[in-house]
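Student: Got a structure for you, written out below as structure tokens; questions coming shortly.
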Amino acid sequence: GGTYDRLSRPSVVARAMSRRLSNAEVAAVYERYGHLVLRRCRVVTRSDALADDALQDVFVKVMRYGDSLLTADSQLRWLYRAADRCCLDLLGKRKRRAEVSDERDVASAHPDDRLAARDTVMALLGRLDDQDRSLAVLAWVDGLSQGQIADETGMSRQTVNKKLQRIRERAEVLRSAR
């Protein structure tokens, strides 16, 4: 599989053929879903500033690939997938700039166990590759079953199961190290 294989995938072709939405159409999508997308971004990033940046990135995607949004089975699911990708991209950029010691200091500063567990999850997400991060979000943020994740990603259910198990094992190692 080279460049031709990647370009021949239906999603790539659909994006290339997608028309841009008008300002009025984008405004209507924002009016209807903007608050939900922002809430999703806040949950994933745990930062109002990063969530705002991610929201802007999502609506840039809406402007560029609007046709695929309008023809999606679920517009909210389309927006959530775009939000997840934008948030994870922003977190990855931030992680690359941050020092590991700084992350440990921030994680240990939370006295609440729920926040500490959340910090562990966010630290784990920062250590995963893009595919594993997406799987983790689909499983533990969206609450999708392994079958639904397989349908969503095009992987076999067995592959999804193995990858999620590997992610769980990495999370356990990270949790016990803290």
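Student: Enumerate the lysines that K93 could reach by cross-link, defined here as Cα to Cα under 23 Å, with residues fewer than 8 away along the same chain left out.
Tutor: Once the sequence-local lysines are set aside, what remains near K93 is K61.
Student: Quick one: 3J(HN,Hα) in Hz for region 136-146, Karplus 6.51/-1.76/1.60 with θ = phi - 60°, rounded, Gly and Pro as x.
Tutor: Values per residue, Gly and Pro as x: 4, 5, 4, 6, 9, 9, 7, x, 6, 6, 4 Hz.
Student: So, R0 is 25 Å and r is the distance between the beta-carbons of E25 and D73; what FRET efficiency does that work out to, to 0.05?
Tutor: Efficiency, rounded to the nearest 0.05: 0.85.
Student: Now a separate question. Grab the beta carbon distance between D151 and D52, set R0 = 35 Å, and tell me the FRET efficiency rounded to 0.05.
Tutor: Efficiency, rounded to the nearest 0.05: 0.65.
Student: Calculate the spin-label point distance for Q165 paired with W140, positioning each point 7 Å from the Cα along the beta-carbon direction, and give it in nanometres.
Tutor: Rounded to a tenth, the inter-label distance reads 1.8 nm.
Bear in mind that the values in this text are calculations on the coordinates, not laboratory data. Being a predicted model, the structure only gives us computed values, none of them experimental. Because the Cβ atoms are built from the backbone with ideal geometry, glycine has one as well, and the counts that use them run over all protein chains shown.
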